[in-house]
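Trainee: Sharing a structure, written as structure tokens. Questions coming.
Taken together, the values in this text are just the output of simple stated rules run on the coordinates, not laboratory data. Everything quoted here is computed from the prediction, not taken from an experiment. Cβ placement follows ideal geometry from the backbone for every residue including glycine, while neighbour counts extend to all protein chains displayed.
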Amino acid sequence: MHLPITFHNLNYYIDTPPEMLKQGYPTRRLRLLNNITGALRPGVLSALMGVSGAGKTTLLDVLAGRKTGGYIEGDIRIGGYPKVQETFVRILGYCEQVDIHSPQLTVEESVTYSAWLRLPSHVDEQTRSKFVAEVLETVELDQIKDVLVGSPQKNGLSMEQRKRLTIAVELVSNPSIILMDEPTTGLDTRSAAIVIRAVKNICETGRTVVCTIHQPSTEIFEAFDELILMKSGGKTIYSGPIGERSCKVIEYFEKISGVPKIKSNCNPATWMMDVTSTSMEVQHNMDFAILYEESSLHREAEDLVEQLSIPLPNSENLCFSHSFAQNGWIQLKACLWKQNITYWRSPQYNLRRIMMTVISALIYGILFWKHAKVLNNEQDMLSVFGAMYLGFTTIGAYNDQTIIPFSTTERIVMYRERFAGMYSSWSYSFAQAFIEIPYVFIQVVLYTLIVYPSTGYYWTAHKFLWFFYTTFCSILSYVYVGLLLVSITPNVQVATILASFFNTMQTLFSGFILPAPVSLYLLPIS
């Protein structure tokens, strides 16, 4: 079943010269270029409003190229040329409604990581560091740059600070267009004002910013330059300037017959939503979408879209030589840097695994004390095999189960970063696989140093290294199976169930409970 996504009589055009979009300069350099050449227009802050279900978030998802389901039709052009998603993602910043960040990183590290992977390769490290500092100052996070991000409603940053961090992570890529989905949702009036002030600061650097916003205060609403108002079904009922003290919006709706005048000291946004409600349309037998289609605003917008949909003479389509801002080696290096910090600052996850390994090794060492030195019969040999078998399966299964919830947290962050075009799936996967090796190595070293002498295995370098190598590969295979299950399942619950099934099958068919078949020779009957 396909659900059509239709926005009636709504056209979008993003007009930014391609030669400016390719630049990876810091914000102040962009300001300087704007003042000298006039190539960049002053930034425009647009509000996207409407009732719940009007399709505001869907519209942003479609514009950003993140809507994968349903039926999508329409035409988006950049500089008069059709939009190419791989190119567009390099000049776009998209702030989702849910703030998704790695909890183990600090504010500055989160922004630095985004700048490392999203700024062009010709931007050197010193310039990148200055740009990160400027972005933090712009969104007013420079005072808490060393604070851990933490988890929502548990520790670390407040909701309002996380909103500004989301903006900073996108702004540091030096985008020309920024889309924000409900940046003030869940915030009180003061926190919302701080976020909008940061957004306004971004606009002053010459960027186009589009925000979906719900029930803004008067001060927040009048901070916007333009408004796109939608009704149920995705139909536009107003698209144009807001004006000083909302004069343009008020003037437009007050001219409509039957619309009550705004009262003094009334919030223009609230008044506008009230007078354009479905009940008001039924009461006065009108359709605001049809009234907008017949207005001069709509005709002017149609003429502008038609004019700007044609490429300028001697202009070139925006394109980049590579799909990503950095090459594969830099992507792997950056992902490893982040994974290393994440693992190092996750002591509960790593110490829990190490303690489990030590406790298991001590238990098996005591239970099978010097048992390998006494091999008088087949049962003694099977007991030693049982010690190896229990050690591998117990520690491996524990690693398998613990890595699933831990890596699921980072998987959500990975989805956001992949959509932003920060790195390829291969770079992230190899980094995640490599970072587990030293921690599993520590586990195996502790396990081997405890179990090998206590069980009484022969002290030869060849046998010791083979025991270590076999244990290391066995436990690491369990870890990689856990990562595989996380990557192919929709959520942590399904991954945990499949991990339990895998551990059960691994236990049944590991070669100890069901030994290899032995040939039986029948003796002749005398």
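Trainee: Below 8 Å, C-alpha to C-alpha, sequence gap of six or more: please give me the relative contact order for the range 4-302 in percent. Walk me through the numbers before you get to the answer.
Mentor: Values: 458 pairs, mean separation 76.3, N = 299.
It comes to 26 percent, rounded to a whole number.
Trainee: Please compute the contact order of the chain in relative form: average sequence separation of alpha-carbon pairs under 8 Å and at least six residues apart, divided by the residue count, as a percent. All intermediate terms of the calculation are to be shown ahead of the outcome.
Mentor: Values: 714 pairs, mean separation 95.7, N = 526.
Normalised by residue count, the contact order of the chain is 18 percent.
Trainee: Oh, and also: Tell me, Kirkwood radius of the range 370-473 from alpha-carbon pair distances, in Å?
Mentor: About 16.4 Å, per the Kirkwood formula over Cα pairs.
Trainee: Here is a further query. Given Lys67/Lys333; Lys56/Lys248; Lys130/Lys200; Lys145/Lys200, which pairs have Cα atoms separated by over 28 Å?
Mentor: Lys67/Lys333
Trainee: Taking N as the number of residues in the range 43-169, what value does Rg over Cα atoms divided by 2.2 N^0.38 Å take?
Mentor: My calculation over the Cα atoms of the range 43-169 gives 1.22.
Trainee: How big is the gap, in Å, between the Cα center of the range 228-272 and the Cα center of the range 279-323?
Mentor: 18 Å
Trainee: Sort 148-158, 225-235, 43-53 for me by packing, meaning the mean count of neighbouring Cβ atoms within 10 Å per residue, highest on top.
Mentor: 225-235, 43-53, 148-158
Trainee: Which is the longest run of the chain containing none of the chymotrypsin sites (Phe, Trp or Tyr not before Pro) found in DSSP loop states (not H, G, I, E, B) with at most 13 other C-beta atoms within 10 Å?
Mentor: Free of exposed loop sites, the longest segment is 1-368.
Trainee: First obtain the Kirkwood hydrodynamic radius of the chain from its Cα pairs, then insert it into the Stokes-Einstein equation at 10 °C and 1.306 mPa s, and state the resulting D in µm² per second as a whole number.
Mentor: Translational diffusion coefficient: 59 µm²/s.
Trainee: To test your reading of the geometry: what angle, between 0 and 90 degrees and rounded to tens, separates the Cα axis of helix 159-171 from the longest principal axis of the chain?
Mentor: The two axes meet at around 80 degrees.
Trainee: Continuing with the same structure: Determine the calculated [θ] at 222 nm for the chain from helices alone, applying -39500 (n - 2.57) to every DSSP H run no shorter than 4 residues and normalising by the residue count; nearest 500 deg cm²/dmol.
Mentor: -17500 deg cm²/dmol
Trainee: Sequence neighbours fewer than 8 away in the same chain don't count; with that in mind, list the lysines whose C-alpha is under 28 Å from Lys463.
Mentor: Lys370, Lys373
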